[in-house]
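Trainee: One structure coming up, written as C-alpha cells, with questions to follow.
Values in this text are rule-based calculations from the coordinates and carry no lab data. What you see is a predicted model; the values in this text were computed from it and never measured. Cβ coordinates were reconstructed from backbone atoms using ideal geometry, including for glycine residues, and neighbour counts include every protein chain displayed.
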Amino acid sequence: MSDSEVRQKVRDFLLKYVKDDELEDDDNIFELGYVNSLFAMQLVLFVEKDFGIAVGRDDLDFRNFNSVDAIVALIGKSGAKA
C-alpha cells in the first residue's frame, strides 16, 4: 500500500468521527478537541486491525496519533502489510 493510500485510509477513518472537512494532515486532533480517551483507543485498534501491525508499548504515545501525518508515519515505520 502506498503512502497516499495509507493517508487516505487514515483520513477516511478520522472523518467518519471528526466532522471537519477542512482538517489538515498536520492538525493536532487532540488539541482541537476531536479526541477523547475512548476514541484514542479506537485509533489504536484501527491502526492494528486495518494495517496488520501491533502497536507496542513504546508506540502508545499521543504524538504518534495526534495527526494524520503522525499516524501515517507510525504505520510507515512499522512496516504495515495491508
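Trainee: Order by neighbour count: Phe13, Phe51, fewest other Cβ atoms within 10 Å first, most last.
Mentor: Phe13, Phe51
Trainee: Moving on. Per DSSP H run of n ≥ 4, the term is -39500 (n - 2.57); total these for the chain, divide by its residue number, and report the mean residue ellipticity at 222 nm rounded to 500 deg cm²/dmol.
Mentor: -16000 deg cm²/dmol
Trainee: Still on this structure, please answer the following. Among Val18, Tyr34, Leu60, whose Cα sits farthest toward the positive end of the charge dipole of the chain (+1 at Cβ of Lys/Arg, -1 at Cβ of Asp/Glu, about the Cα centre)?
Mentor: The one lying farthest along the dipole's positive direction is Leu60.
Trainee: Which value, in debye to the nearest 20, describes the size of the charge dipole of the chain about its Cα centre when Lys and Arg Cβ atoms bear +1, Asp and Glu Cβ atoms bear -1, and nothing else is charged?
Mentor: 440
Trainee: Can you put Val55, Val44 in order, fewest other beta carbons within 10 Å first?
Mentor: Ascending number of Cβ neighbours within 10 Å: Val44, Val55.
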